[in-house]
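Just below is one structure, and these are the notes that go with it.
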């Protein structure tokens, strides 16, 4: 098993900028932007199909907010809590190194990725087949960002 702690901005710098920037390049107030949990789960399920095994959306402290998971096979509360602890460790490591906090973590094991993405103070956790392009996940989630009215 391998754990990668990667600064998000090294690979996909436009995703976060697109969330906070209007078409006229003015900045949105981050409080006016939200993650539509139902849309995230639906879009991931629709676009990734059988390559997606589960989705958990959790708070930064590991509390499950929304999930699409087979609870007989996986313990969503445990996965959510452990993933939030991975984020804390990743933040400690990057802080010690003096680099930007990671926005996502990738764990590769066998033919699977466990991908956890921190966005808008929530953590989206996915178990996917490793043939799925990770950049596709970010595009799907970015499409699920909604402006508050």
Which listed residue, of 106, 124, is under 11 Å from the mean Cα position of the chain (by Cα), surrounded by 19 or more Cβ atoms within 10 Å (Cβ to Cβ) and modelled with pLDDT of 90 or more: 124
Counted residues, the range 88-137 - those being part of a loop (DSSP other than H, G, I, E, B) and closer than 20 Å to residue 61 by Cβ: 5
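The values are calculated or read from the model by the stated rules, or taken from the named source; none is laboratory data. Every value quoted in this text rests on a predicted model; they were computed, and no experiment measured them. Reconstructed Cβ throughout: ideal geometry from the backbone, glycine too, with neighbour counts over all protein chains shown.
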